[in-house]
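Just below is one structure, and these are the notes that go with it.
No lab work stands behind these numbers, since they all come straight from the coordinates. This structure is a prediction, so every number in the text was calculated from the model and none was measured. Note: ideal-geometry Cβ built from the backbone for every residue, glycine included; neighbour counts use all protein chains shown.
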Amino acid sequence: MSDAKNARIQSRRILLLIMVVGLLSIAGIFAFRGAGRWLIREDPLTKADLIVVLSGSMPYRAEEAATIYRMGYAPEVWVSRPENPEADLRELGIHYVGEEEYNRDVLIREGVPEAAVHIFPETISNTEQEVREVSRAMQQAQKTSVIFVTSPEHTRRVRKLWLALVGRNPAAIVHAARHDPFDANHWWRNTRDALSVVREFLGLLNVWVGFPVKPHAR
């Protein structure tokens with residue numbers, strides 16, 4: 001084989017390699033930019049037995065829960081009780097008001113009757129525990145459907161967790177808080193959104209591989 005022919009073959013290989021790297025780079029850029037949008041996975045709203053306000057992102061989740069309550073989608077709202085430093089602060093003589101109390105105040109302020117708001121008795125440290133607690137409480141109360149209200153980037157993981165841990169019965173509808181400031185199209189531009197996206201992908205990975213990472217002990 002002549003040197004000229006070898007050179008042509010080598011040039012074609014280099015050109016092919018450049019094209020592959022270029023295509024992979026373009027795909028990577030699109031995947032990176034679209035990561036925030038991919039995390040948003042909402043269900044159409046339909047009537048349910050209850051609405052659950054998942055912990056975090058105050059006051060947006062509670063505000064959205066109040067809105068869909070007023071629209072008649074469910075007759076009651078349950079509020080998650082996140083883990084907090086209340087016991088430690090009590091020992092220091094400091095009064096602590098938990099996130100769940102603020103969420104209840106927001107709900108009442110936005111038109112939900114106080115009698116329709118229920119706070120879970122047990123504290124939780126992550127979404128996996130929230131899902132388990134909601135499922136347990138629904139079974140005890142003989143509820144068959146629930147609307148979860150959470151942040152947009154959290155919707156896909158909540159849905160995956162419910163399907164993985166509970167299944168399709170009871171039925172779960174996952175709904176995003178409309179006024180949550182998450183910027184799905186430019187999530188890398190601020191630390192709040194960037195950390196949220198990283199956390200959601202790590203959480204999804206934990207679901208996909210069978211929950212090897214457990215909630216920390218309380």
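Between Ser11 and His186, what's the calculated FRET efficiency when r is the beta-carbon distance and R0 is 41 Å? Round to 0.05.
Numbers: r = 40 Å, r/R0 = 0.98.
My answer for the efficiency is 0.55.
Amide H contacts of Trp78 (H built 1.01 Å from N, in plane; Pro and chain starts excluded): Ile51, Val52, Val53, His118 sit under 5 Å, all sequence-distant by 5 or more or on other chains. Kirkwood analysis of the Cα pair distances in region 81-163 returns a hydrodynamic radius of 14.7 Å. Taking Cβ atoms as reference points and 13 Å as the exclusive limit, the residues near Gly56 contribute a net charge of -3, counting Lys and Arg as +1 and Asp and Glu as -1. Rounded to the nearest 0.05, the FRET efficiency derived from the C-beta distance between Arg70 and Ile40 at R0 = 22 Å is 0.40. Overall size of the chain from C-alpha positions, given as principal axis extents largest first: 88, 45, 31 Å.
Near Ala115: Cβ cut-off under 12 Å, other residues only, Lys/Arg at +1 and Asp/Glu at -1. The net charge is -1.
Given the options Ala171, Gly203, Pro75, identify the residue whose Cα lies farthest towards the positive end of the charge dipole of the chain (+1 on Cβ of Lys, Arg; -1 on Cβ of Asp, Glu). Looking along the dipole axis, the top candidate is Gly203.
Across region 92-108, rounded Karplus estimates of 3J(HN,Hα) from the backbone phi angles (6.51 cos²θ - 1.76 cosθ + 1.60, θ = phi - 60°) give 8, x, 10, 7, 10, 10, x, 4, 4, 5, 5, 5, 4, 4, 4, 4, 5 Hz, Gly and Pro being marked x.
Go through region 93-196 and name the GluC sites (Glu not before Pro) that are in a DSSP coil and have 12 or fewer other Cβ atoms within 10 Å of their Cβ.
none
The per residue volume of the convex hull around the alpha-carbon atoms of region 30-142 is 145 Å³.
Here the chain is treated with +1 on each Lys and Arg Cβ and -1 on each Asp and Glu Cβ, and its dipole about the Cα centre works out to around 1480 debye. About its Cα centre, region 23-138 has a charge dipole of approximately 580 debye under the convention of +1 per Lys or Arg Cβ and -1 per Asp or Glu Cβ, with nothing else charged. Each residue of region 32-42 was assigned a 3J(HN,Hα) from its phi angle through the Karplus curve 6.51 cos²θ - 1.76 cosθ + 1.60 (θ = phi - 60°); the sequence is 4, 5, x, 4, x, 5, 5, 5, 7, 9, 8 Hz, with glycine and proline shown as x.
As a length-normalised measure over Cα pairs under 8 Å and 6 or more apart, the relative contact order of the chain settles at 26 percent. Could you list the trypsin sites (Lys or Arg not before Pro) in region 134-169 that lie in coil according to DSSP, counting only those with at most 16 other Cβ atoms within 10 Å of their Cβ? Listed in order of number, the matching sites are Arg168.
Positive-end ranking of Ala184, Val134, Val97 along the dipole of the chain, with charges on Cβ about the Cα centre, is headed by Ala184.
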